[in-house]
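All of the numbers you see were taken from the coordinates with simple rules; none came from a lab. Everything numeric in this text was worked out from a predicted model, so none of it was measured. Positions of Cβ are generated from backbone atoms using ideal geometry, with glycine treated the same way; all protein chains shown enter the neighbour counts.
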Amino acid sequence: AQSVTQLGSHVSVSEGALVLLRCNYSSSVPPYLFWYVQYPNQGLQLLLKYTTGATLVKGINGFEAEFKKSETSFHLTKPSAHMSDAAEYFCAVSATGGSQGNLIFGKGTKLSVKP
Amino acid sequence: NAGVTQTPKFQVLKTGQSMTLQCAQDMNHNSMYWYRQDPGMGLRLIYYSASEGTTDKGEVPNGYNVSRLNKREFSLRLESAAPSQTSVYFCASSERVAGNEQFFGPGTRLTVL
């Protein structure tokens, strides 16, 4: 079975500072990993995903994440925060096949950006 | 392309009332999902439909029923609403279940009094 842990329900950074949102997963099979963003009163939008191949994945809005198998981590980073990045971010894991294929979501991390 | 659409956007029910949440997608996806989102709980899967003609329970199915009406439409029914079902409900779709990106609708905010 798969599970996801997001460390920190709230993260606050200053505009221009590094954004680091942490995600650890557990999976009994090679995982697919996703980061979604949710702006207030909206649905979830895909930021980036890891399936196979290159472990550093680039997404929209300048975000990237690195799959580290040895650490079972998929942390999300952005070099310089912008006010528009304020949102809630969800990490999710999916198995690569069979009945375990449904996405399992973390509880989310709310990012605040201070001017 | 509208993507995933949901109706209604908001709904207030009294305990014991019933209602159906509607979802439609125009991406020709095989799989569709219903989630609920509660503060601090992330998204929890209620039911999903891997393909037209099939439905399966997710993590929190009690108190809900679903119908995959055709490939485009997947509805969620609350037969006798309870205050514990106050939540934001999201519909999503994907090409298939395993390992695929899911596309989300805008959500339905439901309050049960």
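Across the cross-link table entries A:Lys110/B:Lys9; A:Lys49/B:Lys57; A:Lys58/B:Lys71; A:Lys68/A:Lys114; A:Lys78/A:Lys114, which are compared at the Cα atoms, the separations over 21 Å belong to A:Lys110/B:Lys9; A:Lys49/B:Lys57; A:Lys58/B:Lys71; A:Lys68/A:Lys114.
Which percent of the Cα-Cα distances in the range B:1-102 go past 20 Å? Please list the in-between numbers first.
Working: 1739 of 5151 pairs.
The proportion of pairs with Cα distances above 20 Å equals 34 percent.
Of the trypsin sites (Lys or Arg not before Pro) found in the range B:23-113, those that fall in a DSSP loop while having at most 15 other beta-carbon atoms within 10 Å are B:Arg96. Springs between Cα atoms under 10 Å define the GNM used for chain B, and in it the highest mean-square fluctuation of B:Tyr35, B:Tyr64, B:Tyr47 occurs at B:Tyr64.
Ordered by the number of other Cβ atoms lying within 10 Å of each residue's own Cβ, fewest first, A:Ser94, A:Ser26 fall into the sequence A:Ser26, A:Ser94. When both the range B:29-79 and the range A:1-55 are represented by their alpha-carbon centers, they are found 23 Å apart.
Grab the alpha carbons of chain A, take their convex hull, and tell me the volume per residue in Å³. It would help to have the intermediate numbers written out before the result.
Values: hull volume 10.9 nm³, N = 115.
Enclosed volume per residue, from the Cα hull, is 94 Å³.
If the Kirkwood radius is taken over C-alpha pairs of the range B:1-56, then at 4 °C and 1.567 mPa s the Stokes-Einstein diffusion coefficient equals 97 µm²/s.
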